[in-house]
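What follows is a single structure, written as structure tokens, with notes after it.
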Amino acid sequence: MAKQEGKKKGHAEKSYKSLESGGVSADVLAQVQPGVTVRVHQIVTEKTAKGEEKKRIQIFEGIILSRNHGSEPSATFTVRKISEGIGVERIFPLYSPWIAAIDIVKRAKVRRAKLNYLRSYNKRLKEQSLA
């Protein structure tokens with residue numbers, strides 16, 4: 001019985017910091033918070049007419065509405081943008097190898113953790129300096 005407990009204990013000691021997150025640094029991951037406008041560079045794999053796989057980078061720019069599950073391996077963040085008058089939201093995994101980079105564009109002053117009210121809010125948020 002003691003040997004089995006020892007195996008379980010050693011197995012559970014993996015840290016989340018060892019997770020690889022594409023080309024995203026820990027500094028940027030700490031700044032991914034609601035109210036921040038980001039530009040997410042996602043690696044997309046497409047098949048050509050000949051059947052060959054082709055990789056390219058697709059950029060999605062918008063404001064972060066929420067961040068879920070803290071810094072766990074399954075942590076996600078929701079980004080919303082307005083495209084041709086229609087709101088588009090995407091949920092990105094924080095530690096995904098398919099995210100090449102996250103650029104911080106600007107930061108807004110917010111007082112909530114979940115910015116769901118922005119879905120029906122037409123005014124602009126007050127901007128903070130990036131420094």
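Cβ neighbours within 10 Å, averaged per peptide: list 50-59, 95-104 in order, most packed at the top.
Ranking the peptides 50-59, 95-104 by packing returns 95-104, 50-59.
Starting from 0.36 nm per residue, how many nanometres of slack lie between LYS81 and VAL44 once their C-alpha separation is accounted for?
Stretched fully, the LYS81-VAL44 segment lengthens by 11.4 nm.
How much length would be gained if the chain were fully extended between VAL105 and ILE57, taking 0.36 nm per residue of separation minus their Cα-Cα distance, in nm to one decimal?
Extending this stretch completely gives an extra 15.5 nm.
What FRET efficiency would be calculated for the residue pair TRP98, SER120, taking the C-beta separation as r and a Förster radius of 35 Å, to the nearest 0.05?
0.70
Roughly speaking, what is the stretch gain from HIS69 to ALA30, that is 0.36 nm per residue apart minus the C-alpha to C-alpha distance, in nm to one decimal?
Working it through step by step, the gained length comes to 12.7 nm.
Bear in mind that the values in this text are calculations on the coordinates, not laboratory data. On a predicted model such as this, the values are computed, not experimentally measured, just so you know. Backbone-built Cβ (ideal geometry, glycine too); neighbour counts: all protein chains shown.
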